[in-house]
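Worksheet: one structure, shown below.
Only the coordinates and a few stated rules stand behind these numbers; no lab work does. Just so we're clear, the structure is a prediction, and the values are computed from it rather than from any experiment. Don't worry about glycine lacking a Cβ; one is built from the backbone with ideal geometry, like all the others, and counts go over all protein chains shown.
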Amino acid sequence: MSNKPLNVGLVGGGKGAFIVHPHQKAIHMDGTRRIVAGALFPDPKVALEEAANWPYPIKGYASYDEMIAANATAPAAEKLDYILIVTPNFVHYDPAMKAMQAGIAVFCEKPLCLNLKEAAKLVRTSQTLGVPFGVAHTYLGHWTSRLSRYIVQSGLLGDIRWVDSYYNQGWLATKLEATGQQQASWRVDPKRAGGSGCGGDIGTHALMQLRYVTGLEVTQVSAQMETFVQGRQLDDHFTIYCKLSNGGKALVRASQICIGYKNDLGITIAGTKGSLRWRQEDPECLTICLPNQPDRTYWRGAVSAGDGFLPKTLPADLLAESTLPAGHPEAFHDAFARLHRCFEADVRKWRAGKKFSSDGSKYANVGDGWSGIAFIETCVKSSKKKGAWVAMPKSL
Ligand SMILES: NC(=O)c1ccc[n+]([C@@H]2O[C@H](COP(=O)([O-])OP(=O)(O)OC[C@H]3O[C@@H](n4cnc5c(N)ncnc54)[C@H](O)[C@@H]3O)[C@@H](O)[C@H]2O)c1
């Protein structure tokens, strides 16, 4: 197999952008992927200037339309293997659709798009064309999220009764958008963010963490979407009581008005045999609580099979995914890198005409993106009915 690095093209990322930077570090982390092109800004002139000023050489394009069109006639060595979409939510659908139709794989930021109609079209197109499509739910990339998923889905905690999946931040506790702050401005605007502010922005991460780790689906929601900061159009506090597909219950909650809280994403899972606790601000370990036993802390890269809780053998692919010795801390960038690494493996298989799975076990796929949008739309309906139970739509 060729060891030529995959070519990645950026959609968005110029002029003070945020999430492009962790992504670009993660893309370059293994030397097997590199960013070679970008349409970095909506204004064509600025897009070209920003590309010319990028910290390493990339080919700048005036727009993503131009970048995608140019790919058709580019020499084989310069063709894009995937695009990374790091624009605000209202600029996800169009470049993703056009890239797939042009035969380019897509790694897209969350939430997937603005509404369920768009989400359904993206799922169907990805299925019809067989194009790999990842969604950047960062926190699935922590090795401890992988271990949590293994523990819960192997039944080691028994039947899951209760999940509390949460994400607290404090940066929108004041009307930051009134100062023109870039990241705040579009996140509180329904035309650019979608039907929910806080829920779409970080509630979808809490939902995805629940779905990824437990393998359970939310079937009904009773939602309270609240706005504490006066004059803001979208929710800044999002509290959703959920019924789960196994009959259990969950709280999926997010808030952006919790002063002092930074990226307090975490999950507590309570089963009939024990509980699991994990926090992304301390992502190298997870805690298992069993009846009448001292709590157990499991560290990335330092687990022992057959220790009285874990079984005698552990999946080889799980163990192989911890690449740095335990105690040399991994964090946010490493989680992103693990997602890009796994996506790369699927893109390489696809390019070679081989089967790839994209089954959601290594990174969120377009169907997971659809579930996030379905959740938001169902929560909006329930919240408008003062928290009445509303069923989630059937998955595609
Ligand atoms: N996975 C995560 O942990 C995580 C964290 C933060 C943000 N996000 C998501 O990433 C996306 C971007 O968020 P951000 O905070 O980086 O936003 P940002 O405002 O910092 O950056 C957005 C970038 O997109 C560019 N852009 C806008 N329209 C464009 C167009 N038509 N063509 C080219 N470029 C265009 C802007 O100029 C800017 O460079 C959002 O969907 C957000 O929800 C995800």
> Between LYS262 and ASP159, 0.36 nm times their residue separation minus their Cα-Cα distance comes to what?
Replying inline: 33.9 nm
> In straight Cα distance, which aspartates and glutamates are under 20 Å from LYS121, not counting same-chain residues fewer than 8 positions off?
Replying inline: ASP65, ASP94, GLU109, ASP359, ASP368, GLU377
>> Distance cut-off 31 Å, Cα to Cα: go down the list LYS98/LYS385; LYS110/LYS312; LYS262/LYS354; LYS98/LYS355; LYS45/LYS355 and report the pairs above it.
In response: LYS98/LYS385; LYS110/LYS312; LYS262/LYS354; LYS45/LYS355
> Over segment 221-361, what relative contact order in percent results from Cα pairs under 8 Å that are six or more residues apart?
Replying inline: 10
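Compute, for the chain, the length of the dipole vector about the Cα centre, with Cβ point charges of +1 (Lys, Arg) and -1 (Asp, Glu) only. Units Debye, rounded to 20.
Approximately 800 debye in magnitude.
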> With contacts defined as alpha carbon pairs under 8 Å and 6 or more residues apart, what's the relative contact order of segment 341-396 in percent?
Replying inline: 23
>> Can you list residues from other chains, or at least 5 along the same chain, whose modelled amide H is less than 5 Å from the amide H of ALA364?
In response: VAL135, HIS137
> Across 5 Å bins from 0, what is the distribution of all Cα-Cα pair distances for segment 1-97, in whole percents?
Replying inline: 3, 14, 25, 27, 20, 9, 2, 0
> Using only helices, what value at 222 nm comes out for the chain when you add -39,500 (n - 2.57) per DSSP H run of length 4 or more and divide by the total residues, to the nearest 500 deg cm²/dmol?
Replying inline: -9500 deg cm²/dmol
> Gain in length, LYS249 to GLU78, computed as 0.36 nm per residue apart minus the alpha-carbon separation, to one decimal in nm?
Replying inline: 56.6 nm
>> Suppose each label sits 7 Å from its Cα in the direction of the beta carbon; what would the ASP359-LEU129 distance come out to in nanometres?
In response: 2.5
>> From the C-alpha coordinates alone, can you work out the Kirkwood hydrodynamic radius of segment 82-205, in Å?
In response: 16.6
> If amide H atoms are built 1.01 Å from N in the plane of the peptide, which residues on other chains or at least 5 residues away come under 5 Å of the amide H of PHE228?
Replying inline: ASP236, HIS237
>> Suppose a student asked you for the relative contact order of the chain, using Cα pairs under 8 Å spaced at least 6 residues apart; what percent would you report?
In response: 19
> By a straight-distance test (C-alpha under 16 Å), which lysines pair with LYS175 as possible cross-link partners, with residues fewer than eight away in the same chain excluded?
Replying inline: none
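Show me the ranking of peptides 136-144, 266-274, 345-353, 289-297 by mean Cβ neighbours inside 10 Å, starting with the highest. Kindly include the intermediate steps, with their values, before the conclusion.
Working: 136-144: 25.7, 266-274: 19.2, 345-353: 16.3, 289-297: 10.8.
Top of the packing list down: 136-144, 266-274, 345-353, 289-297.
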>> With +1 assigned to the C-beta of every Lys and Arg and -1 to the C-beta of every Asp and Glu, and no other charges, what is the dipole magnitude of segment 268-349 about the Cα centre in debye, to the nearest 20?
In response: 260
>> Using DSSP H assignments, which helices in the chain have an axial alpha-carbon span of 24 Å or above and a mean Kyte-Doolittle hydropathy of 0.0 or higher?
In response: 366-384
